[in-house]
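What follows is one structure encoded as structure tokens, with my remarks underneath.
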Amino acid sequence: MQDSYLTISKTSEGLYKEKGSKFLAFAIPITSETQIKSRLESLRKKYYDARHHCYAYVYGNSGEHHRANDDGEPNHSAGDPILGQIKSLELTNTLVVVIRYFGGTKLGVSGLINAYKTAASEALNNNEIIKHQITEIRQFRFPYSEMNSVMKLVKDFDLNILDQGFDGESTLKVEVVVSKTEGLEKKVKLLQATGSQLTFID
């Protein structure tokens, strides 16, 4: 099971110039369609006088959502080269927008492909690629007398404690890397089979 993915850590910029045309590139971390729309809108407002706002994005833990947009440039001359740069670095949760100010001289399709690809690459190269763990949140309920065995689970499965409560029964809210979830569930069942009152709270 996939338990991590690569993404970018911050917003970064790149710039490419060719025959008077300027290509401003922005690499932006995102996790949803709503964030994508918001970032595109703010860039359109700021660079309202630009000829084209071309972009591509990939998001989802396994990069299942992706799209490329040429914004009026010839088909596949802008969005696809940008998307290609995101995919070549195996990134997800990443939006790259390349804004073109036309310089008066046409570049041709191959020139456009090179320009959008290079600008996107510049923005991504100016960023930091980070590995993000895919986790799940789980909660336990247990008698206080079983605290030691619960803390052993925390250590053995490298659980990140988010919250704990000691009101009557003890509760513990943890974050677990998805690839360790199955092992954790099996271990809890084994403990229950030997008389433990430790249970998961849905």
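Here, each number is a calculation from the coordinates, and none is a lab measurement. Keep in mind the model is a prediction, meaning the values are calculated, not measured. For neighbour counting, all protein chains shown are included, and Cβ atoms are generated from backbone atoms with ideal geometry for every residue, glycine included.
Determine whether region 111-131 contains at least one residue that is over 30 Å from I86 (Cα atoms) and aromatic (F, W, Y). Looking through region 111-131, none of the residues is over 30 Å from I86 (Cα atoms) and aromatic (F, W, Y).
Within the bounds of region 40-60, is there any residue that is assigned to a helix (DSSP H, G or I) and within 14 Å of E13 (Cα to Cα)? Within region 40-60, one or more residues are assigned to a helix (DSSP H, G or I) and within 14 Å of E13 (Cα to Cα). With respect to the stated conditions, G72 is surrounded by fewer than 14 Cβ atoms within 10 Å (Cβ to Cβ), in contact with a strand residue (DSSP E or B) (Cβ under 9 Å, 6 or more places away or on another chain) and either among the β-branched types (V, I, T) or in a loop (DSSP other than H, G, I, E, B) (or both). Does region 182-197 include one or more residues that are surrounded by 15 or more Cβ atoms within 10 Å (Cβ to Cβ) and among the small types (G, A, S)? So far as region 182-197 goes, yes, one or more of its residues are surrounded by 15 or more Cβ atoms within 10 Å (Cβ to Cβ) and among the small types (G, A, S).
Say whether the condition of being within 12 Å of the chain's Cα centre (by Cα) and within 30 Å of K180 (Cβ to Cβ) is met by at least one residue in region 14-28. So far as region 14-28 goes, no, none of its residues is within 12 Å of the chain's Cα centre (by Cα) and within 30 Å of K180 (Cβ to Cβ). In region 40-55, the count of residues that are surrounded by 19 or more Cβ atoms within 10 Å (Cβ to Cβ), under 23 Å from K131 (Cβ atoms) and touching a residue at least 24 places away in the same chain (Cβ under 8 Å) is zero. Given the condition polar (S, T, N, Q) and surrounded by fewer than 20 Cβ atoms within 10 Å (Cβ to Cβ), answer yes or no: does some residue in region 83-96 qualify? So far as region 83-96 goes, yes, one or more of its residues are polar (S, T, N, Q) and surrounded by fewer than 20 Cβ atoms within 10 Å (Cβ to Cβ).
A25 satisfies every condition listed in (1) surrounded by 13 or more Cβ atoms within 10 Å (Cβ to Cβ); (2) more than 14 Å from A120 (Cβ to Cβ) except (2).
Of the candidates I134, I113, I161, the single residue that is under 25 Å from the mean Cα position of the chain (by Cα) and either among the basic types (K, R) or surrounded by 13 or more Cβ atoms within 10 Å (Cβ to Cβ) (or both) is I134.
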